[in-house]
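The values are calculated or read from the model by the stated rules, or taken from the named source; none is laboratory data. Predicted, not measured: the structure shown is a model, and the values here were computed from it. Cβ: placed from backbone, ideal geometry, glycine included. Neighbour counts: every protein chain shown. What goes into the accessible areas is simple: the full protein's heavy atoms, side chains included, and nothing from ligands, DNA or RNA. Shrake-Rupley method; radii C 1.70, N 1.55, O 1.52, S 1.80 Å.
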Amino acid sequence: MSESSDTPSTSLTDGDDPAFTDGNDPALFDKVVNLCKRRGFVFPSAEIYGGFRSTYDYGPNGVLLLRNVKNAWWRSMVQLRHDVVGLDAAILGPPQIWEASGHLANFTDPLVDCTSCQSRWRLDKLEDPDTCPNCGAVGKFTEPRDFNLMFKTHAGPIADAGAVCYLRPETAQGMFTNFANVLNTSRKKPPFGIAQIGKSFRNEITPGNFVFRTREFEQMEMEFFVPPDEAEEWYRYWCAERFAWYQSLGMPAELIRLRPHGDDELSHYSSGTSDVEFRFPWGWDELEGIANRGNFDLTQHATHSGEKLDYFDPATNERYVPHVIEPAAGATRTAMAFLLAAYDEEEVRGETRTVLRFHPRIAPYTVAVLPLSKKPELMGPATDVYRTLAEHFMCDYDETQAIGRRYRRQDELGTPFCVTFDFDSLDDHAVTVRDRDSMEQERVPVDALVEYVRARIG
Ligand code: ATP
């Protein structure tokens, strides 16, 4: 089978994707979407039943990429900080949470119907609010209606009003409702943060652009609780810190920016919000929002629950409701941005080489072990090399096809290092390490391999 013969049969994107405008690189978008299917990054969910409404499954390589994005976030937000602790809160929640947070009343998007073709649109995302992107009819939209994005369901066998609950539309509320629990058990005091990674659900009117906007997605959020008079300073700190995180994982400077919201974009309780934006093929769009939320969330939950959600500072004898700085990022959306940023093609000896230039911490596999031939005298020791490396790194092992084809396959997965075990290796106990980006090869003693790879990950 030729390398390109297994292109997807099921469309990976919805028909309602917005037109490409600024940025405008539909070719790159299509190439990345196709590669995702062809190389096992992302599959349309329930594909054998024709797919299901903009839901996606992460395949063997996609799940590694997504996990690496989440691990990199957790490492920088929790592991490397003594002032942030982790949490994994429930996805199902009672209406009281969402009443207090304002989501029941306000988590809505303006929905319009086209009376000409019956398609439905989110008004604030339309390029021209009078023209239907589907049929081109002008002035045929209904008056906008507020459409609540939360998924409603029932807990227990009886679907009555008392059993109503919601799938969380963001992970943040679990951090607020557990504020006192964490404060009382973790020996932290403001300024401190609670971080969480997990699934969120929004009944988006127009999901689309592949995994950019889906109804089920993963978020990486942190609530940082601070003394009120330090809020502004911490807000600026977290804007800089979060922006630097993307750069530390190899995001090219020309593809990301930090955009402060204008006054008209701010929610009523926020005194400052900035978005980290990525230059998607259709233009600049949000990866993460960093917001100075004041004491809105804790005050709301204290009022609605009747519990005290404040902090008594024994040093000053003062009691106050901490203010909150919230960096809220999308894990699935960020994984897509890393894929788009990494995609590259170049001419090598008259052939096009497709390569994902991931940072080694993001690449699905860090190393691939490739015995030069399937001869048993090579496969045994090559498997030993694999086992040694796999203790330390995500490591692939591939003994099929000619070595050149196997290198190209690893290039398309973004594997930074390929280790080839050849006949000389039997005598000199060394292997050839091929660098994904330069394609240069270097002889490295098997005993020094783990340290060699570790040093090059950075
Ligand atoms: P948008 O304006 O794009 O609907 P938002 O401003 O409502 O997004 P937030 O509530 O701030 O988004 O969520 C934080 C992050 O979660 C976003 O920056 C994005 O990365 C991610 N996210 C939000 N909604 C979705 C979705 N439907 N699909 C994938 N990721 C999402």
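State yes or no: is PRO381 in a helix (DSSP H, G or I), open to solvent by less than 50 Å² (accessible area, probe 1.4 Å), in contact (Cβ under 8 Å) with a residue 12 or more places away in the chain and not hydrophobic (A, V, I, L, M, F, W, C)?
yes
Just the residues that are at pLDDT below 95, open to solvent by 20 Å² or more (accessible area, probe 1.4 Å) and within 16 Å of the ligand (Cβ to nearest atom), please, taken from segment 184-243.
ILE205, THR206, listed by residue number.
Looking at (1) surrounded by 13 or more Cβ atoms within 10 Å (Cβ to Cβ); (2) at pLDDT 95 or above, which is the one condition that is false for ASN24?
Unmet condition: (2).
Within segment 280-301, how many residues turn out to be out of contact with any strand residue (DSSP E or B) (no Cβ under 6 Å at 6 or more places or on another chain), more than 15 Å from the ligand (Cβ to nearest atom) and either polar (S, T, N, Q) or open to solvent by less than 10 Å² (accessible area, probe 1.4 Å) (or both)?
Residues meeting the conditions: 4.
Could we say that GLU233 is within 28 Å of ASP109 (Cα to Cα) and not in a loop (DSSP other than H, G, I, E, B) here?
no
Quickly run through segment 266-276 and pick out the residues that are surrounded by fewer than 19 Cβ atoms within 10 Å (Cβ to Cβ) and either at positive phi or in contact with a strand residue (DSSP E or B) (Cβ under 7 Å, 6 or more places away or on another chain) (or both).
Those that are surrounded by fewer than 19 Cβ atoms within 10 Å (Cβ to Cβ) and either at positive phi or in contact with a strand residue (DSSP E or B) (Cβ under 7 Å, 6 or more places away or on another chain) (or both): LEU266, SER270, SER271, GLY272.
When residues of segment 157-183 are filtered for being modelled with pLDDT of 95 or more, touching a Gly at 6+ places or on another chain (Cβ under 9 Å) and surrounded by fewer than 20 Cβ atoms within 10 Å (Cβ to Cβ), how many remain?
The number of residues fulfilling the criteria is 2.
Across segment 302-329, what is the number of residues that are within 13 Å of the ligand (Cβ to nearest atom) and within 18 Å of HIS103 (Cβ to Cβ)?
Of the residues in that region, 2 qualify.
Find the helices (runs of 4 or more DSSP H) located wholly in segment 58-110 whose residues include 2 or more that are open to solvent by 20 Å² or more (accessible area, probe 1.4 Å) and within 20 Å of LEU287 (Cβ to Cβ), and list them.
Details: elements: 60-74, 95-101, 103-106.
Counting at least 2 such residues, we get 60-74.
Check segment 150-165 and report whether any residue there is hydrophobic (A, V, I, L, M, F, W, C) and within 16 Å of the ligand (Cβ to nearest atom).
Yes, that holds for at least one residue.
Do any strands (runs of 3 or more DSSP E) lying entirely in segment 302-342 carry at least 3 residues that are open to solvent by less than 10 Å² (accessible area, probe 1.4 Å), and which ones are they?
Answer list for segment 302-342: 323-330.
Taking segment 112-123, which residues are surrounded by 11 or more Cβ atoms within 10 Å (Cβ to Cβ) and either more than 28 Å from GLY174 (Cβ to Cβ) or among the acidic types (Asp, Glu) (or both)?
Once the filter is applied, which keeps residues that are surrounded by 11 or more Cβ atoms within 10 Å (Cβ to Cβ) and either more than 28 Å from GLY174 (Cβ to Cβ) or among the acidic types (Asp, Glu) (or both), segment 112-123 yields VAL112, ASP113, CYS114, THR115, SER116, CYS117, SER119, ARG120, TRP121, LEU123.
Take segment 85-122 and flag every residue that is within 13 Å of the ligand (Cβ to nearest atom) and not basic (Lys, Arg).
Result: SER101, GLY102, HIS103, ASN106, PHE107, THR108, ASP109, PRO110.
Is there any pair linking a residue in segment 265-278 that is assigned to a strand (DSSP E or B) and more than 10 Å from the ligand (Cβ to nearest atom) to one that is open to solvent by 10 Å² or more (accessible area, probe 1.4 Å) and among the aliphatic types (A, V, I, L, M), with Cβ under 6 Å and at least six apart or on different chains, and which?
If the second residue must be open to solvent by 10 Å² or more (accessible area, probe 1.4 Å) and among the aliphatic types (A, V, I, L, M), the pairs left are SER274/LEU258.
Having 3 or more residues that are open to solvent by 70 Å² or more (accessible area, probe 1.4 Å) and either at pLDDT 95 or above or among the charged types (D, E, K, R) (or both) is the bar; report the strands (runs of 3 or more DSSP E) wholly within segment 399-458 that clear it.
Hits in segment 399-458: 441-445.
Only residues that are within 15 Å of the ligand (Cβ to nearest atom) and out of contact with any helix residue (DSSP H, G or I) (no Cβ under 7 Å at 6 or more places or on another chain): list them for segment 330-352, please.
Hits for segment 330-352 are GLY330, ARG333, MET336, ALA337.
If you take the residues of segment 37-57 that are part of a loop (DSSP other than H, G, I, E, B) and of a type outside the set (A, V, I, L, M, F, W, C), which of them is surrounded by the fewest Cβ atoms within 10 Å (Cβ to Cβ)? Walk me through it before giving the result.
Of segment 37-57, the ones part of a loop (DSSP other than H, G, I, E, B) are 39-41, 45-46, 50-55.
Narrowing the set further to residues that are of a type outside the set (A, V, I, L, M, F, W, C) leaves 39-40, 45, 50-51, 53-55.
Details: ARG39: 20, GLY40: 17, SER45: 16, GLY50: 8, GLY51: 17, ARG53: 12, SER54: 22, THR55: 15.
Ranking the candidates gives GLY50 first.
Looking at segment 247-264, which of its residues are more than 23 Å from PRO228 (Cβ to Cβ), within 16 Å of the ligand (Cβ to nearest atom) and outside any helix (DSSP H, G or I)?
Result: LEU249, MET251, ILE256, ARG257, LEU258, ARG259, GLY262.
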